[in-house]
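Report on the following structure.
The values are calculated or read from the model by the stated rules, or taken from the named source; none is laboratory data. Remember, predicted model here, so these are calculated numbers, not experimental data. Methodologically, a virtual Cβ is constructed for each residue, glycine included, from the backbone with ideal geometry; neighbour enumeration extends over all protein chains shown. We work out accessible area using only protein heavy atoms, side chains counted, and drop any ligands, DNA or RNA first. Shrake-Rupley method; radii C 1.70, N 1.55, O 1.52, S 1.80 Å.
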There are 2 protein chains.
Amino acid sequence: MSVINVGIIGFGTVGVGTFEVLTKNREIITNRVGMDVIVKKIADLDIKTDRGVEVHHSLFTKDAMDVIDDPDIDIIVELIGGTTKAKEYILKAIERGKNVVTANKALLAECGKEIFEAAERYGSGLAFEASVGAGIPIIGALKGGLSANRIQTILGILNGTSNFILTKMAKEGLFYSQAVQDAVNLGFAEDPPTLDVDGTDAAHKLAVLLSINFGTTAPFEDIYREGIDSLTPDDIRFARELGYSVKLLAIARMLDDRIEARVHPAMIPKNHILANVNSEYNAIYIDGDFVGPNLYYGLGAGKSSTGSAVVADIMNMSRQIRVGLKGSAPPLGHIHPPDKEIMIQPMEELITSYYLKVTALDRPGVLSMISGILGENHIGISSVIQKGRQINGSVPIVMLTHEARESDVQKAVLLLNNLDILTGKTVTIRVEE
Amino acid sequence: MSVINVGIIGFGTVGVGTFEVLTKNREIITNRVGMDVIVKKIADLDIKTDRGVEVHHSLFTKDAMDVIDDPDIDIIVELIGGTTKAKEYILKAIERGKNVVTANKALLAECGKEIFEAAERYGSGLAFEASVGAGIPIIGALKGGLSANRIQTILGILNGTSNFILTKMAKEGLFYSQAVQDAVNLGFAEDPPTLDVDGTDAAHKLAVLLSINFGTTAPFEDIYREGIDSLTPDDIRFARELGYSVKLLAIARMLDDRIEARVHPAMIPKNHILANVNSEYNAIYIDGDFVGPNLYYGLGAGKSSTGSAVVADIMNMSRQIRVGLKGSAPPLGHIHPPDKEIMIQPMEELITSYYLKVTALDRPGVLSMISGILGENHIGISSVIQKGRQINGSVPIVMLTHEARESDVQKAVLLLNNLDILTGKTVTIRVEE
């Protein structure tokens with residue numbers, strides 16, 4: 001039996017996870033793939049720290065080029081992350097005709113065009129199942145089982161850290177900063193968890209999903225991003241009273257000649273299957289024209305779940321190598337990619353319904369003044385909660401609007417915030433039905 | 001550009017759905033596959049009935065062998081169902097070296113060994129994504145994105161008809177027979193829906209999933225089956241009061257040297273993601289040693305969802321044909337299948353906890369008599385609800401047990417049912433935590 005040699009660049013959490021999957025499940029991997037898949041070299045700047053796994057010292061090198069230039073290595077696994085060194089190494093591996101596996105969503109979202117084109121030019125395989133939803137095989141589903149569909153909607157809970165924080169806030173009534181602290185203490189968040197909570201990480205992942213769906217790179221910089229740091233337990237409680245859960249959603253909707261692509265906190269009905277995705281779990285809800293609504297759910301991060309996806313890619317490539325193919329399918333899965341680019345609708349043109357919380361002095365005529373401003377800006381109200389509990393003479397007025405235009409809502413909020421009867425900033429949360 | 005010719009045998013609901021996907025999404029299919037995929041022949045005994053789709057009459061034949069023997073046809077799609085004619089046609093197509101796509105779970109579960117071996121012998125491709133969960137790409141996930149894992153647990157809601165009926169019973173308090181009638185009227189069930197509600201259909205699908213997981217056919221006849229027809233709205237309500245939902249579950253658990261494989265009504269905690277899978281939706285919950293808990297959710301039946309999966313298989317085969325491969329992977333995805341067979345644990349050895357509802361005369365000492373019988377049979381009680389509402393002097397006594405052995409529970413139930421203080425049959429529902 002012949003052997004597939006794998007080289008790992010970056011031996012952090014995911015690198016160790018990948019190594020553990022390959023070693024602990026070696027027998028089933030061999031049976032399924034038909035070849036023995038072994039790690040031949042591991043590159044990391046730190047080759048001293050004990051990672052709790054047994055690795056023969058001869059596998060280690062400090063120089064990633066030792067891995068890339070090893071003629072016996074068939075598959076290079078890039079797990080250092082970031083968009084500088086990782087990009088350089090991946091491009092070098094591709095140029096040498098190596099198959100490449102990566103979990104690097106930032107790189108694929110921000111420099112995808114260059115990477116994908118290089119892979120096609122050199123006929124190198126490039127796989128990245130682990131880049132979205134870790135072990136959830138969503139990229140495989142889009143390229144495979146769902147590929148007969150025109151995807152109409154993607155709703156993703158794509159960042160486990162922010163979902164953990166929101167779940168804590170919802171279940172325990174914690175403030176954002178307290179929930180972040182809990183997440184940091186439990187190892188679910190970096191300190192500070194900026195890219196997780198500001199929507200950047202989820203937007204990276206949404207860009208990767210869109211690229212697969214359309215067969216061409218998505219313009220990452222045009223994806224609207226808004227984080228969860230200004231949400232309060234009050235808003236989450238009011239949302240629940242109105243029948244909704246609050247999630248950080250990555251949303252794509254295919255319109256006629258362009259798409260919506262945005263990441264922000266959103267309210268979804270409590271009985272929606274996505275509303276039941278809690279804690280560190282991720283889920284991707286996809287509606288296709290024939291398949292209908294589908295959901296994919298699992299742990300969206302972590303050593304083992306991410307390692308599971310990295311090794312699935314390695315196995316898939318090994319199967320191809322076994323039958324004599326390499327890079328037979330382009331990385332985005334379209335043999336004839338489209339000529340036109342993905343056009344993302346400017347955020348101000350979004351039409352959706354909104355949750356608005358206005359905090360105002362408890363005086364006669366306040367509600368009429370507020371609804372007047374909304375009305376002048378073409379925003380209709382579908383329900384109102386005015387809570388009795390005055391705090392220093394102020395009351396929160398919570399409203400759900402009918403469908404309205406984002407630019408109108410932003411304008412109305414500016415006008416509201418300038419009223420001297422307002423005692424706090426107006427909160428808006430978009431609603432996804 | 002060259003062309004992939006497809007032949008469809010069986011032009012019922014799923015056949016029409018498959019044709020619709022191929023024609024309506026022809027452009028995206030061509031772009032993704034790199035070849036034009038067209039339907040060249042359709043065989044059905046009835047070639048007169050208008051199915052609401054435009055098909056040129058020259059495509060039709062009454063003789064399936066016209067399709068199988070057409071040298072231009074690359075992929076044969078079997079959609080007639082059943083285990084007689086379908087088997088004959090599939091084997092003939094395989095013998096002629098054709099690629100075969102089928103949605104036929106009954107055939108794969110009951111005659112899989114013969115079919116899979118023939119496909120390997122003749123090097124024919126054989127794909128069956130549509131056989132489990134219709135458009136949910138669960139087979140692709142097991143063969144692909146999850147394939148680095150040792151799967152430990154499968155919990156499936158695999159029959160949409162019975163899930164629709166149970167949801168109706170739970171949400172509207174209907175009796176079983178009323179809910180069945182609603183399902184029939186709405187087109188979610190055949191009349192009578194025997195194989196759907198007695199667990200056979202779900203067991204067929206579980207057998208297919210187990211075959212993929214282990215790389216060898218599962219012994220379908222050893223899968224325990226119990227239907228939903230004896231459930232009452234009372235039991236569903238009591239379950240809810242105890243914090244559970246009742247679902248028809250297909251369950252597989254991998255033990256050391258054998259597995260549990262069973263289909264029966266089961267109680268699952270209300271906050272389990274599976275408990276939120278309602279109406280005609282299906283879902284498969286899979287726990288793998290590295291990936292952790294995963295869920296796959298979608299419409300598990302119907303023209304379009306099933307057509308989506310059939311066409312995904314056609315596309316995948318077309319991609320292989322384009323690069324010159326055919327039948328390169330065995331149908332169960334294991335290059336080296338195991339020598340040993342799948343051993344299913346006898347049902348009487350199952351250890352789990354149970355819901356018991358005993359209906360007895362409301363007399364002093366009854367509870368002690370019942371708990372005495374349970375205790376003598378090594379069954380411990382973890383909670384009891386005794387409801388005040390007497391009906392003709394009887395009260396239901398609802399209990400949750402600690403983990404107990406199935407054979408002990410069956411023995412205790414027999415003893416209980418022989419007590420003359422009992423006024424109704426004892427109901428048992430197994431609990432999945």
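Name the single residue, out of those in the range A:416-433 being touching a Ser or Thr at 6+ places or on another chain (Cβ under 7 Å) and either without any contact (Cβ under 8 Å) to a residue 12 or more places away in the chain or not basic (Lys, Arg) (or both), that is most open to solvent (accessible area, probe 1.4 Å).
The qualifying residue most open to solvent (accessible area, probe 1.4 Å) is A:Thr423.
Just the residues that are among the β-branched types (Val, Ile, Thr) and surrounded by fewer than 17 Cβ atoms within 10 Å (Cβ to Cβ), please, taken from the range B:56-98. Steps first, answer last, please.
Residues of the range B:56-98 that are among the β-branched types (Val, Ile, Thr), as a first pass: B:61, B:67-68, B:73, B:75-77, B:80, B:83-84, B:90, B:94.
B:Thr83, B:Thr84 - these are the residues of the range B:56-98 that are among the β-branched types (Val, Ile, Thr) and surrounded by fewer than 17 Cβ atoms within 10 Å (Cβ to Cβ).
In the range A:197-204, is there at least one residue being among the charged types (D, E, K, R), touching a strand residue (DSSP E or B) at 6+ places or on another chain (Cβ under 9 Å) and farther than 30 Å from A:Glu120 by Cα?
yes
Residue-wise test of (1) modelled with pLDDT of 95 or more; (2) within 14 Å of chain B (Cβ to nearest Cβ); (3) surrounded by 24 or more Cβ atoms within 10 Å (Cβ to Cβ); (4) over 14 Å from the mean Cα position of the chain (by Cα).
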{"residue": "A:Gln178", "(1), (2), (3), (4)": "yes, no, no, yes"}
{"residue": "A:Leu186", "(1), (2), (3), (4)": "no, no, no, yes"}
{"residue": "A:Asp201", "(1), (2), (3), (4)": "yes, no, yes, no"}
{"residue": "A:Ala207", "(1), (2), (3), (4)": "yes, no, yes, no"}
{"residue": "A:Leu210", "(1), (2), (3), (4)": "yes, no, yes, no"}
{"residue": "A:Lys247", "(1), (2), (3), (4)": "yes, no, yes, no"}
{"residue": "A:Met254", "(1), (2), (3), (4)": "yes, yes, no, yes"}
{"residue": "A:Met267", "(1), (2), (3), (4)": "yes, no, yes, yes"}
{"residue": "A:Asn278", "(1), (2), (3), (4)": "yes, yes, no, yes"}
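Show the residue pairs that are 6+ apart or on different chains and have beta-carbon atoms under 7 Å apart, the first residue being within the range B:291-306 and more than 7 Å from chain A (Cβ to nearest Cβ), the second being open to solvent by 10 Å² or more (accessible area, probe 1.4 Å) and assigned to a strand (DSSP E or B).
As it stands, the answer is B:Gly300/B:Tyr281, since those pairs meet every condition given.
Name the residue, out of A:Leu332, A:Leu295, A:Leu361, that is assigned by TED's automatic domain parsing to the domain that holds A:Asn163, more than 20 Å from A:Ala239 (Cα to Cα) and not basic (Lys, Arg).
The unique qualifying residue is A:Leu295.
Could you list, in sequence order, the residues of the range A:345-380 that are open to solvent by 50 Å² or more (accessible area, probe 1.4 Å) and more than 32 Å from the chain's Cα centre (by Cα)?
Matches in the range A:345-380: A:Asp362, A:Arg363, A:Pro364, A:Leu367, A:Ser368, A:Met369, A:Glu376, A:His378.
Assess whether A:Arg237 counts as being more than 14 Å from chain B (Cβ to nearest Cβ) and open to solvent by 40 Å² or more (accessible area, probe 1.4 Å). Don't jump to the end; show me each part of the working.
Details: more than 14 Å from chain B (Cβ to nearest Cβ): yes; open to solvent by 40 Å² or more (accessible area, probe 1.4 Å): yes.
So A:Arg237 fits the description; yes.
Quick check on the range A:1-43: of everything there that is open to solvent by 30 Å² or more (accessible area, probe 1.4 Å) and in contact with a Phe, Trp or Tyr (Cβ under 9 Å, 6 or more places away or on another chain), which residue is nearest to the other protein chains (Cβ to nearest Cβ)?
A:Lys24
Check off (1) surrounded by 21 or more Cβ atoms within 10 Å (Cβ to Cβ); (2) at the interface with chain B (Cβ under 7 Å from one of its Cβ atoms) for A:Ile335 and give me the number that stays unchecked.
Condition (1) is where A:Ile335 drops out.
Name the one entry in B:Ile284, B:Ile314 that is more than 10 Å from chain A (Cβ to nearest Cβ) and not basic (Lys, Arg). Walk me through how you get there before you give the answer.
Details: B:Ile314 fails: more than 10 Å from chain A (Cβ to nearest Cβ).
One residue alone meets the criteria, B:Ile284.
When you scan the range A:30-54, how many residues do you find that are of a type outside the set (Asp, Glu), in contact with a helix residue (DSSP H, G or I) (Cβ under 6 Å, 6 or more places away or on another chain) and closer than 21 Å to B:Pro330 by Cα?
Qualifying residue count for the region: 4.
In the set B:Val409, B:Val413, B:Val398, which member is surrounded by 20 or more Cβ atoms within 10 Å (Cβ to Cβ), touching a Lys or Arg at 6+ places or on another chain (Cβ under 6 Å) and closer than 24 Å to B:Arg240 by Cβ?
Working: B:Val409 fails: touching a Lys or Arg at 6+ places or on another chain (Cβ under 6 Å); B:Val413 fails: touching a Lys or Arg at 6+ places or on another chain (Cβ under 6 Å).
Only one candidate qualifies: B:Val398.
Which one of the conditions (1) without any contact (Cβ under 8 Å) to a residue 12 or more places away in the chain; (2) within 14 Å of chain A (Cβ to nearest Cβ) does B:Ala141 fail to meet, given that it meets all the rest?
Exception for B:Ala141: condition (1).
Anything in the range A:144-167 that is facing another protein chain (nearest Cβ under 8 Å) and closer than 21 Å to A:Ile273 by Cβ? List them, or say none.
Let us first name the residues in the range A:144-167 that are facing another protein chain (nearest Cβ under 8 Å), namely A:144-150.
A:Gly145, A:Leu146, A:Asn149, listed by residue number.
Being of a type outside the set (Lys, Arg) and assigned to a helix (DSSP H, G or I) is the filter here; which residues of the range B:148-170 pass it? Spell out the reasoning first.
Let us first name the residues in the range B:148-170 that are of a type outside the set (Lys, Arg), namely B:148-149, B:151-167, B:169-170.
Across the range B:148-170, the qualifying residues are B:Gly160, B:Thr161, B:Ser162, B:Asn163, B:Phe164, B:Ile165, B:Leu166, B:Thr167, B:Met169, B:Ala170.
In the range B:293-317, what residues are open to solvent by 10 Å² or more (accessible area, probe 1.4 Å) and over 15 Å from the mean Cα position of the chain (by Cα)?
B:Pro293, B:Lys303, B:Ser304, B:Asp313, B:Asn316, B:Met317
Can you tell me how many residues in the range A:317-329 are within 7 Å of chain B (Cβ to nearest Cβ) and either among the charged types (D, E, K, R) or in a strand (DSSP E or B) (or both)? Lay out the reasoning, then the answer.
Taking the range A:317-329 as the starting set, the residues that turn out to be within 7 Å of chain B (Cβ to nearest Cβ) are A:319, A:323, A:325, A:328-329.
Still in the running and either among the charged types (D, E, K, R) or in a strand (DSSP E or B) (or both): A:319.
Of the residues in that region, 1 qualify.
For B:Val263, all conditions in the list (1) more than 10 Å from chain A (Cβ to nearest Cβ); (2) under 19 Å from A:Gly140 (Cβ atoms) hold save one; what is the number of the exception?
Of everything listed in (1) more than 10 Å from chain A (Cβ to nearest Cβ); (2) under 19 Å from A:Gly140 (Cβ atoms), B:Val263 misses just condition (2).
One line per residue, one yes/no per condition, for (1) in the same structural domain as A:Gly34 (by TED's automatic domain parsing); (2) among the aromatic types (Phe, Trp, Tyr); (3) modelled with pLDDT of 95 or more:
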site	(1), (2), (3)
A:Val291	no, no, yes
A:Ile314	yes, no, yes
A:Asp339	no, no, no
A:Leu356	no, no, yes
